[in-house]
1. Give just the number: which of (1) touching a Ser or Thr at 6+ places or on another chain (Cβ under 9 Å); (2) farther than 20 Å from N231 by Cα; (3) not in a helix (DSSP H, G or I) does E187 not satisfy?
2. P15 passes all but one of (1) at pLDDT below 90; (2) outside any helix (DSSP H, G or I); (3) under 29 Å from the mean Cα position of the chain (by Cα); which number fails?
3. In the stretch 144-151, is there at least one residue being farther than 30 Å from I234 by Cα, assigned to a helix (DSSP H, G or I) and over 17 Å from the mean Cα position of the chain (by Cα)?
4. Do we find that K116 is out of contact with any helix residue (DSSP H, G or I) (no Cβ under 6 Å at 6 or more places or on another chain), within 26 Å of V197 (Cα to Cα) and assigned to a helix (DSSP H, G or I) in this structure?
5. Just to verify a result, which residue in the stretch 74-96, among those that are among the aliphatic types (A, V, I, L, M) and either under 14 Å from F55 (Cα atoms) or touching a His at 6+ places or on another chain (Cβ under 6 Å) (or both), is surrounded by the most Cβ atoms within 10 Å (Cβ to Cβ)?
6. Any idea which residue in the stretch 249-303 is farthest from the chain's Cα centre (by Cα), counting only those that are under 24 Å from I216 (Cβ atoms) and outside any helix (DSSP H, G or I)?
Amino acid sequence: MSKESKDKKKQSHMPNLIELSPQKTSEKDTQTNEEVTKKEWVITKVQAQKAKNRFNIFVNGQYSFAVDDTILVTERLFKGKELTESDIEDLRKKGEASKAYQSALNYLSFKMRSEKEIRDYLQQKDYEDIDPVIDKLKEHKLINDLVYGKSFVRTNYQLRNDGPKKIERKLIQKGLTNEEILTALEEYSLEQQKENVMKASEKTLKRQRNKSNREIQQKVREQLMLNGFENEVINDVLNEMDLEQPEDEEFEALKKQGEKAWNRYSRKHTDSELVNKTKMYLYSKGYPRELIDRFIKEKEGMN
C-alpha cells in the first residue's frame, strides 16, 4: 500500500474537530456575554489634563468625567477597572466638587472673601452643588464672615477713611448678617471716627475754591455724610474746626463769582433788574448781605 493511501485511511478514522468545536465555543461565548452585561462600564483611558493634578477618565472609549489626583488614587481609577452606573455618577459628583473647591481656593488666594462672595463666584462658574464646598471651607476655617467683617472694617477705616454707615452698606452687600455687622463695627472706635472726620474735612477743604464760607461748610458736611459718618460725630468735629476763611478771602471769592453773574445778566437786564438778579445769585451761593452790598456798590460806582 502506498504512503498516500495509508494517510487517507488514517484521516478517515480521525474525529472532525471543526464540527465538534461550535458546541463548546457557543457555551463559552454565552458565559462571556453574561459577564459583559453585568460589567458593561470599563475605564479604557486615564488622561492627564493641562490643569495641574486633574485627569480625564474615559469609559468604554468615550470621555465620562474628570477627577483630581487624590480621587484618582483613593478610588483606584486605573485602565481596565470595571464600574457601575452608580459608581460613575458618584465619581462625577466627587470630581465636580473637587474642581469647585479648588476654584474657591484660587479665588480666596487673592484676599479674604465672604461666604456670599464665594457662592456668587461659584454660581458664575456654573457649579451646581455648592453647599458641600462651603461646608469644607468652613471646616478648614478658610471662610468666616465675622472674622471677614472685622478685617473689612479695619481696612476700610484705615485706608479709605470710610464712615460706619458706608462700611455697613458694603457689608450688607457682602452678605453678612445684622449681628455680624454690628459686632464687626465695634472695631471702629469713636476716637478713630473723629480722626477720620477731621482728615476727610481737611481734604475736602483743599478742593474748595472761590466759594462762600457757608457753601464751603455745606460741601464739607455733605461729603462727610456721603462718606458714611453720623451727624453727631460730624457736628462734634466741625464745631472744633475753623472752617471759615478770612473776610477778605471770602470777598475775593464773591467778586469772582459776582463778576461772572453780572456779565451774564447784563446781556438781558439793566439797572435795578441787573442788580437784583446778581444779588439773588450771590445770596444763593451763601454770601453774607454786607459783602454782597459792598460788591454792588463797587459795581455801581464803576458805572
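1. (2)
2. With respect to (1) at pLDDT below 90; (2) outside any helix (DSSP H, G or I); (3) under 29 Å from the mean Cα position of the chain (by Cα), P15 is out only on (3).
3. Of all residues in the stretch 144-151, those farther than 30 Å from I234 by Cα come to 144.
Those left that are additionally assigned to a helix (DSSP H, G or I): none.
No, the stretch 144-151 has no match at all.
4. Details: out of contact with any helix residue (DSSP H, G or I) (no Cβ under 6 Å at 6 or more places or on another chain): yes; within 26 Å of V197 (Cα to Cα): no; assigned to a helix (DSSP H, G or I): yes.
So K116 does not fit the description; no.
5. Of the residues in the stretch 74-96, the ones among the aliphatic types (A, V, I, L, M) are 77, 83, 88, 91.
Still in the list and also either under 14 Å from F55 (Cα atoms) or touching a His at 6+ places or on another chain (Cβ under 6 Å) (or both): 77, 91.
Numbers: L77: 19, L91: 21.
Among residues in the stretch 74-96 that are among the aliphatic types (A, V, I, L, M) and either under 14 Å from F55 (Cα atoms) or touching a His at 6+ places or on another chain (Cβ under 6 Å) (or both), the one surrounded by the most Cβ atoms within 10 Å (Cβ to Cβ) is L91.
6. Going through the qualifying residues, I end up with P288.
For (1) touching a Gly at 6+ places or on another chain (Cβ under 6 Å); (2) acidic (D, E); (3) modelled with pLDDT of 90 or more; (4) assigned by TED's automatic domain parsing to the domain that holds V220, each residue gets a yes or a no:
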{"site": "K255", "(1), (2), (3), (4)": "no, no, yes, no"}
{"site": "D271", "(1), (2), (3), (4)": "no, yes, no, no"}
{"site": "Y281", "(1), (2), (3), (4)": "no, no, yes, no"}
{"site": "G286", "(1), (2), (3), (4)": "no, no, yes, no"}
{"site": "I296", "(1), (2), (3), (4)": "no, no, yes, no"}
{"site": "E300", "(1), (2), (3), (4)": "no, yes, no, no"}
{"site": "N303", "(1), (2), (3), (4)": "no, no, no, no"}
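The values are calculated or read from the model by the stated rules, or taken from the named source; none is laboratory data. Model, not experiment: these values are computed from the prediction. A quick note on method: Cβ atoms are made from the backbone with ideal geometry, for glycine too, and the neighbour counts reach across all protein chains shown.
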